[in-house]
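The values are calculated or read from the model by the stated rules, or taken from the named source; none is laboratory data. As the structure is a computational prediction, the values presented were derived from the model and not from experiment. Counting neighbours? That spans all protein chains shown, and the Cβs are built from the backbone with ideal geometry, glycine included. The protein model used for the area step is the full one, side chains on, heavy atoms only, and it has no ligands, DNA or RNA in it. Shrake-Rupley method; radii C 1.70, N 1.55, O 1.52, S 1.80 Å.
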Amino acid sequence: MNDLILLSLVSGALIIILLLRFGVPLQRNNLLLAGCLFCLLYSIFATWLVTSQVIIKIPQLTRVGNIFGYLVYPMLYLFVRNTFYPGRLWRKTDYLLLLPSIFYIINMMPFFLLSNHEKIALLYGNFVKGKEIFTLKEGWIVSIAFYYTLRALWCFALHIAIGILIFRNWQYDRLNVISLNREVFRFQVTLTLLFLPLSAILLIGSLSGASWWNLSALNLSLSIPMLSVGLLLFFSPGILYGFRPLNFIPYNSASTEFKKKGDQKFPEGLYFAPANHDELELYTVKNLEKYKSRLITFMNEEKPFLQKGLTIHVLSQQCNIPVYVISAVVNNGFNDNFNSWINKYRIEKYISLSNNRNYLNYTTEGLASESGFTNRASFYNAFKREMGITPGDYQKRVIYQNA
């Protein structure tokens, strides 16, 4: 058992170093994977300190492992989410994922403030009883035993959330939207499955109170995903690059842009292919029109463009279409860039409000704000670029027509 733990600690440290040295510069999202593995690594280390009773020599680290234990699955969830919906690594709502760790720190603060001698005395009492840390009652709000059940439920709930993310994006894999990135997609699936034994053992062991559930079983369940992820990264280092850029590219029978696969010939049309043209993945005009229709329907019904500061990442989450698909459809299906495409809807809304007698008392800036524009400058620039005249000239025309 000690050899397995030592191997997992060494391999985990090596993986984290490699991720930080080579993975993060390629994809910032790999920082979250490194964070997940670091929290897992420290959890293994903290559990080993207790099982080996080395913790008595460094009592300052007592109970600290649980803080990181609560962060393993949040980091894993963010890594998977940001792979499918890239954008800002950390969003405001992500702070909610820290609540269990924060609650644990607050509850255990009286214990953390104890002197080293007092901590050692408590630890000795535990080891003499022979039931390790599970018998110790600590915390000024709830007992320490509560946290093992909470952590198990927390990890399992986040594992389900990760599974939902993967299932939602599986439909795009079936439609060949991410076929060229299946290595990354399959990595997410494999990674989730590798962590499944850990969340399952935590849940079953904590809720059942089985005789086999002890720190040795916990250490084994922590070590398995760490070693498995190391092997996975060794055989699939390409996932560190993340999704490759995809574009819709026109193709005709006389074109030499694509490499033919054997004697296979492709009909004329529009295809979803990597920007470097090294491979070919069919993505027909029919599918392009389907996604255009989905986006148009969503924009007309939900009107997300009325949100100030709307980004492609926010829209991706709202309409449940990956960022890279929206980008490709907007660029190639609408022949536009994202900001200009959104502003066209806002300008259309502005024009609609300008012709509505209920808004005749609104200023130009007021109408622009109601239409989703953040500030005057962005509105004026977008309006003149789209309409060819300034908003002021247009407003005068509207007033003249309604006189």
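Could you order HIS159, HIS117, HIS313 by accessible surface area, starting with the largest, using a probe radius of 1.4 Å?
Per-residue accessible area, sorted high to low, gives HIS117, HIS313, HIS159.
Find how much the distance from GLN60 to ILE120 grows on full extension, using 0.36 nm per residue of separation minus their present alpha carbon separation; answer in nm with one decimal.
20.6 nm
Taking R0 as 56 Å, what FRET efficiency do you get between THR190 and ASN358 from their Cβ-Cβ distance, rounded to the nearest 0.05?
The value I calculate is 0.50.
Give the ranking of PHE167, PHE84 by solvent-accessible surface, highest area first, calculated with a 1.4 Å probe.
If we order PHE167, PHE84 from most to least accessible, we get PHE167, PHE84.
Can I get the semi-axes of segment 69-123's equivalent ellipsoid? Compute them from the C-alpha gyration tensor as square roots of 5 times the eigenvalues, in angstrom, largest first.
34, 11, 7
Taking the highest mean first, how do the peptides 331-339, 357-365 order by number of other beta carbon atoms within 10 angstrom per residue?
Averaged packing, sorted descending, gives the order 331-339, 357-365.
For ILE106 and ARG294, compute 0.36 nm times the residue count separating them, minus their Cα-Cα distance, and round to one decimal in nm.
Here the answer is 63.0 nm.
Per-residue accessible area for SER52 at 1.4 Å probe radius, Å² rounded to 10?
Surface accessible to solvent at SER52 totals approximately 50 Å².
Could you run the Karplus curve 6.51 cos²θ - 1.76 cosθ + 1.60 with θ = phi - 60° over segment 352-366 and give me ³J(HN,Hα) per residue in whole Hz, x for Gly and Pro?
Result, ordered by residue: 4, 5, 5, 8, 9, 4, 5, 10, 5, 7, 6, 6, 4, 5, x Hz.
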